[in-house]
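Working notes for the structure below.
Every read-out reported here was derived from the displayed coordinates using simple, explicitly stated rules and does not represent laboratory data. Keep in mind that what you see is a predicted model, and the values were worked out from it rather than measured. Here the Cβ is made from the backbone with ideal geometry for all residues, glycine too, and neighbour counts use every protein chain on show.
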Amino acid sequence: MSLLGTKIKPFQATAYYNSEFVDVSEATASGKWSIFFFYPADFTFVCPTELSDLQDYYDELKSLDVEVFAVSADTHFVHKAWHDSSPQVGQVAFYLVGDPTGELIENFDNMRPTGMADRGTFLVDPDGVIQFLEVTSEGMGRNAAELVRKVRAAQHVRTNPGEVCPAKWVEGDATLVPSIKLVGAL
């Protein structure tokens with residue numbers, strides 16, 4: 001069953017954020033756009049490159065009222081140790097959420113049989129509804145620039161009912177208004 005269009009489930013976890021351990025829950029994400037960025041494990045190979053890439057776009061995402069929650073089954077203690085020891089992860093300013101029980105990973109149906117998270121990205125709107133999801137294979141890193149484009153498209157569709165964004169749409173491009181006149185015309 002696809003989680004697309006469903007509301008996120010309640011959760012409680014501890015994150016390493018702003019040099020502190022903080023509690024996070026579905027309420028932390030409520031009222032704003034949120035990206036839940038699941039990755040397999042700390043101290044691995046592709047994961048730090050993805051977190052670093054996402055950090056490069058974090059200020060832009062914040063300007064779009066988007067918060068980022070990076071999640072793995074590691075503890076918040078391990079997240080702090082990784083943040084303190086990795087040059088790439090040390091730059092991360094968004095939430096590094098520890099999910100050692102797997103509650104949050106399971107809530108997003110994103111757990112591997114090995115007990116690690118799949119490389120999954122979920123965009124959640126201010127109402128807590130999943131508007132976008134993507135899961136890639138273990139060895140394939142994600143692209144934060146494309147994620148930002150998708151965030152902008154989702155926000156445009158939300159604020160412009162009746163419009164849809166065609167392939168490769170970027171902010172400022174023309175949108176489409178579905179109608180019988182478009183059937184077969186594209």
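Given 0.36 nm per residue, what is the gain on full extension from Thr101 to Asp53 after removing their alpha carbon distance, in nm?
This chain segment gains 14.6 nm when fully extended.
Roughly how many nanometres apart are two label points built 7 Å out from the Cα toward the Cβ at Glu146 and Gln91?
Rounded to a tenth, the inter-label distance reads 2.1 nm.
Calculate how steeply helix 144-159 sits against the longest principal axis of the alpha-carbon atoms of the chain, using the helix alpha-carbon long axis, and give the answer as 0 to 90 degrees to the nearest 10.
Tilt of helix 144-159: around 50 degrees.
Taking the Cβ of Ser2 as the center, what net charge do the other residues with Cβ under 13 Å away carry, scoring Lys and Arg +1 and Asp and Glu -1?
Numbers: positive: none; negative: Asp109, Glu134.
Residues close to Ser2 contribute a combined charge of -2.
Can you give the % of DSSP beta bridges in the stretch 1-102 that are antiparallel, to the nearest 5?
In the stretch 1-102, DSSP labels about 45 percent of beta bridges as antiparallel.
Cα-based count: Lys pairs in the chain below 29 Å, eight or more positions apart or different chains?
The number of close lysine pairs in the chain is 18.
Place a point 7 Å from Cα of Glu134 in the direction of its Cβ. Which residues in the stretch 54-91 have their backbone N less than 13 Å from it?
54
Counting helices only, and only those DSSP H runs with n ≥ 4, report the 222 nm mean residue ellipticity of the chain as the sum of -39,500 (n - 2.57) divided by its residues, in deg cm²/dmol to the nearest 500.
Dividing the helical sum by the residues of the chain leaves -8000 deg cm²/dmol.
Note the angle between two axes, namely the Cα long axis of helix 76-85 and the longest principal axis of the Cα atoms of the chain, as a number of degrees from 0 to 90, rounded to the nearest 10.
Roughly 90 degrees between the two axes.
Looking at [x] 26.6; [y] 16.6; [z] 17.1, which value of Kirkwood radius over Cα pairs in Å comes from a calculation on the structure shown?
[z]
Quick one: go through the stretch 1-23 and flag any residue whose amide nitrogen is under 16 Å from the point 7 Å out along the Cα-to-Cβ line of Asp127.
Once the point is set 7 Å along Cα→Cβ of Asp127, 4-9 turn out to lie under 16 Å by backbone N, inside the stretch 1-23.
Once R0 is set to 30 Å, what does the formula 1/(1 + (r/R0)^6) return for the Cβ-Cβ distance between His156 and Gln12, expressed as a FRET efficiency to the nearest 0.05?
Numbers: r = 33 Å, r/R0 = 1.09.
The formula returns an efficiency of 0.35 here.
Could you give the length gained on full extension between Phe43 and Lys181, defined as 0.36 nm per residue of separation minus the Cα-Cα distance, in nm?
44.3 nm
Taking the Cα atoms only, what angle lies between the long axis of helix 46-56 and the longest principal axis of the chain, rounded to 10 degrees?
60 degrees
Nearest 5 is fine: what % of DSSP beta bridges in the chain come out antiparallel, could you say?
Taking every DSSP beta bridge within the chain, about 70 percent pair in antiparallel fashion.
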